[in-house]
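Q: One structure, pasted below without further comment.
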Amino acid sequence: MKHKRINISKLLFGVFIFFAISNQSFSVAVKARSTIDLNHNWKFMMSDIAGAQMPGYNSDNWNDVSLPHDWSFQAGISKDGAQYDKGGYFGGGIAWYRKTLNIPVDWKNKHVSVEFDGVYMNSEVWINGHYLGKRPYGYISFRYDLTPHLKTGTNTLAIRVDNSLEPSARWYHPCGIYAPVNLIVTEKTRIKPNGIFVTTPVIDEKSAKIHIETVIQTSEQEGTSLSLETSIIDATGKVVANKTEPIDFDKEQSCKIVSEFAINHPKLWCPESPYLYQAICKIIRKNVVLDEVATTVGVRSIKWETKTGFWLNGKQTKLLGVCEHWEGGPVGGAWTRPLLRWKLGLLKEMGVNAIRTAHNPYPPFFYDLCDEMGLMVMDEGFDGWKQKADEDYGKQAFNAWWQRDLTEWIMRNRNHPSVIIYSVGNETAGNVAKDLVALCHRYDSTRLVTSGHSASEVMDVFGVNGHSEKMSFYSEVLPDKPFVATEAPHTWQTRGYYRTKTWFRDGYPNKGQEPFPLPDLTKKEVFHYEWASPENWKNAKQHLNSSYDNATVRLSARKNWELMRDLPWYSGHFRWTGFDYYGEAGYVHGGWPFRLFMGGALDAAGFKKDLFYFYKSQWTTEPMVHL
């Protein structure tokens, strides 16, 4: 269930947009909400320039770019890249973006805001030289009200992005405006951003109850004779429920309307059949629509049980998951919707039904695609609650910003049927944990909260990373709460390379860390070919790992699947990872010239490893063979 931007070509009023080389002009007869794509014709300069926020500054000689844009990936790698081995030897730095907007006279009495889906990191935004604010976190959406500072004609939007402190993550991160930017134009009476919350509290075979909370705000002096019309529409376009209610603003010029609907014989959302309804909310005055927002609705129930794991729509369901960073492949962090659909489609083909957003939120269109394609999401908010990388968000801004960022994250994503659980951290610690969980519950009481092996005592679901790979874990007394393997197994494969001797990342684990049996295939190694002669390696980790599923931390992918399949309380696992990814090249692979973490079932180009076919053989019903 998500907020869906209305395609302006489908609105009843005319929208005419034309592009020049360095500016964007609009001629719009706005009678309802208009969401306008600002992803083309930006000026970009990889430098910190005094005065670049001012309208009079001449940026004609800057580079022309379109969004999404990842300057770090475009610049490429170097042995002394500022992100070092953690970020695959890519760079950082400071850069500026500028865009000219030509605002029509029709917008004089409109409310206009700009919405950024993702800027990494420490972004600062100006309109016509007026400072709008700063957002340190690189993995969160944010917006600014432009209305007080716009004028008819030429306007200048400027963004400074500061990645001068590196490495700012423990893996590769994009640099710049790596996700879409939109201009939102409404009347002064409008539905608040993230102001719609849809839940499906009661579901059975015959009917479903849909609960919708809608928050409306106004800056008009006379907000009278207003009503909210809400319609539930099925996938064929048929209206299956409808209700109209009066709007009555409080002293803060805000109003929340709670609506209840019943749907007969609902079609349920699930990975095999991700059926979607829409809730259309309209603000109406005397038969004129002032605002309109479409929210995708997936009717489904979720439940976590200590003894029997995860349940979807009343059916015990194993989470066949992978962890993924927001980066990789041919575009770094600048994923477009078609490319991301290709990537997610490969995971679906493998049999994956769930993704953990390790270790941060993704841009909104990722969740849109998961809704449409039937992929469940463990939505993760943060890596650490304090410093983990040298100059990360945990060090730079977490204490001052986590409440604002968590609020935006939960309120933005809580309508997506694909999101089944929140994770608030990964292998971290701190007394703030209980406050994080409480704030998640405050803004969304319908989903439970977990973490990647962090402050487990205050989490709703016991999330475990590598600890669940030990033999000893299965003889321990587990907490009296549901369990999920948030990060397991850890195995490595290099496509086309084979070794008959079992390899452990850290050598054979110490006492108390014993792995499940993983015998060598032969007494002596059969295959000796390598990328370079061993005397040219930086250290012993710089060999290419075996595709026989015998290069690991503690257990094989086969054994991990066997445990999850056969233990009822084992809700599922999120293997590390689905795809190979740039960064963490030193930890496992010894560093330069190795630049990637090669733990995926697919490599960074999307080519399938033998491990892909193993999972496909177990996680799908399609007849297959792979030699």
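Q: For the charge dipole of the stretch 291-341, defined by +1 on Lys and Arg C-beta atoms and -1 on Asp and Glu C-beta atoms about the Cα centroid, which residue among V297, G321, V331 has the Cα displaced farthest towards the positive pole?
A: Value computed over the given set: G321.
Q: Anything over 22 Å Cα to Cα? Flag those among K188/K256; K192/K343; K267/K315, in the order listed.
A: The answer is K192/K343.
Q: Which pairs, out of K303/K434; K108/K282; K86/K348, put more than 26 Å between their alpha-carbon atoms?
A: K86/K348
Q: Just the Cα atoms of the stretch 398-477, one point each, no solvent: what log10 I(q)/I(0) does Debye give at q = 0.20, 0.21, 0.26 Å⁻¹?
A: Ignoring solvent entirely, the Cα scatterers give -0.90, -0.97, -1.30.
Q: With the Cα gyration tensor of the stretch 105-215 in hand, give its eigenvalues times 5 under a square root as the equivalent ellipsoid semi-axes, listed largest first in whole angstrom.
A: 32, 25, 9
Q: Going by Cα centres, the stretch 300-373 and the stretch 418-457 are how many Å apart?
A: 18 Å
Q: Report the label-to-label distance for N61 and L478 in nanometres (one decimal), using points 7 Å from each Cα along the Cα→Cβ vector.
A: 6.4 nm
Q: While we're here: With +1 on the Cβ of every Lys and Arg and -1 on the Cβ of every Asp and Glu, and nothing else charged, how large is the dipole of the stretch 196-344 about its Cα centre, in debye rounded to the nearest 20?
A: It comes to approximately 680 debye.
Q: Which whole-number percent is the relative contact order of the stretch 186-338 (Cα, under 8 Å, 6+ apart)?
A: 22 percent
Q: Return the loop-located chymotrypsin sites (Phe, Trp or Tyr not before Pro) in the stretch 481-539 (DSSP other than H, G, I, E, B) with at most 11 other Cβ atoms within 10 Å of their own Cβ; answer none if there are none.
A: Within the stretch 481-539, the qualifying chymotrypsin sites (Phe, Trp or Tyr not before Pro) (loop, at most 11 other Cβ atoms within 10 Å) are Y529.
Q: Further question: Could you give the dipole magnitude of the chain about its Cα centre, charging the beta-carbon of Lys and Arg +1 and that of Asp and Glu -1, in debye to the nearest 20?
A: The dipole of the chain has a size of about 680 debye.
Q: Here's a follow-up. If the viscosity is 1.002 mPa s and the temperature 20 °C, what translational diffusion coefficient in µm²/s does Stokes-Einstein give for the stretch 310-391 when Rh comes from Kirkwood over Cα pairs?
A: 154 µm²/s
Q: Per residue, what accessible area does the stretch 499-627 have, given a 1.4 Å probe and all protein chains present, in Å²?
A: Value for the stretch 499-627: 48 Å² per residue.
Q: Tilt of helix 364-373 relative to the longest C-alpha principal axis of the chain, in degrees (0 to 90, nearest 10)?
A: Orientation of helix 364-373: about 70 degrees from the principal axis.
Q: Can you give the helix-only mean residue ellipticity at 222 nm for the chain, where every DSSP H stretch with n ≥ 4 adds -39500 (n - 2.57) and the sum goes over all residues, rounded to the nearest 500 deg cm²/dmol?
A: Mean residue ellipticity at 222 nm (helix-derived): -3500 deg cm²/dmol.
Q: If R₀ is 45 angstrom, what is the calculated FRET efficiency for the pair Q618 and S164, using the beta carbon separation as r and rounding to 0.05?
A: Taking R0 as 45 Å, the efficiency between Q618 and S164 is 0.45.
Q: Cα-based Rg (one decimal) and Dmax (whole number) for the chain, in Å?
A: 25.4, 85
Q: Further, regarding this structure: How long is the stretch 461-595 along each principal axis, judged by its Cα atoms, biggest number first, in Å?
A: 52, 34, 27
Q: For the stretch 477-627, what is the number of Lys pairs with C-alpha distance below 17 angstrom, counting only pairs 8 or more positions apart or on separate chains?
A: Lysine pairs meeting the criterion: 5.
Q: Just the number, please: Stokes-Einstein D of the stretch 343-416 in µm²/s, Kirkwood Rh from C-alpha pairs, 37 °C, 0.692 mPa s.
A: Stokes-Einstein gives a translational diffusion coefficient of 241 µm²/s.
Q: Still on this structure, I have one more. Starting from 0 in steps of 10 Å, tell me what percent of the Cα-Cα pairs of the stretch 214-278 lands in each bin.
A: Using 10 Å bins, I get a P(r) of 18, 38, 24, 17, 4 for the stretch 214-278.
Q: I need the shape label for the stretch 171-282. Rule: rounded when a/c is under 1.5, else prolate if a/b > b/c, else oblate, with a, b, c from the alpha carbon gyration tensor.
A: It is oblate, given that a/c is not under 1.5 and a/b is not larger than b/c.
Q: Is the stretch 265-346 best put as rounded, prolate or oblate by its Cα gyration tensor, with a ≥ b ≥ c the root eigenvalues, rounded for a/c under 1.5, and otherwise prolate when a/b is larger than b/c, oblate when not?
A: Oblate.
Q: What FRET efficiency do you get for V258 and H149 if R0 is 30 Å and r is their Cβ-Cβ distance, rounded to the nearest 0.05?
A: Once the sixth-power term is evaluated, E becomes 0.30.
Q: For the stretch 76-214, give the percent of accessible area contributed by carbon and sulfur heavy atoms, probe 1.4 Å, rounded to a whole number.
A: Within the stretch 76-214, the accessible surface is 49 percent carbon and sulfur.
Q: How much length is gained on full extension from Y529 to W311, taking 0.36 nm per residue of separation minus their Cα-Cα distance?
A: Extra length available between Y529 and W311 comes to 73.8 nm.
Q: Related question: At q = 0.17 Å⁻¹, work out log10 I(q)/I(0) for the stretch 341-474 with the Debye formula, treating every Cα as an identical point scatterer and leaving solvent out; two decimals please.
A: Values, matching the q order: -0.94.
Q: Which whole-angstrom value gives the distance between the alpha carbon centres of the stretch 27-87 and the stretch 118-163?
A: Comparing the Cα centres of the stretch 27-87 and the stretch 118-163, I get a distance of 12 Å.
The values are calculated or read from the model by the stated rules, or taken from the named source; none is laboratory data. Since we're looking at a predicted model, the values are computed, not measured. Cβ coordinates were reconstructed from backbone atoms using ideal geometry, including for glycine residues, and neighbour counts include every protein chain displayed. All accessible areas refer to the heavy atoms of the entire protein, side chains included, with ligands and DNA or RNA removed. Shrake-Rupley method; radii C 1.70, N 1.55, O 1.52, S 1.80 Å.
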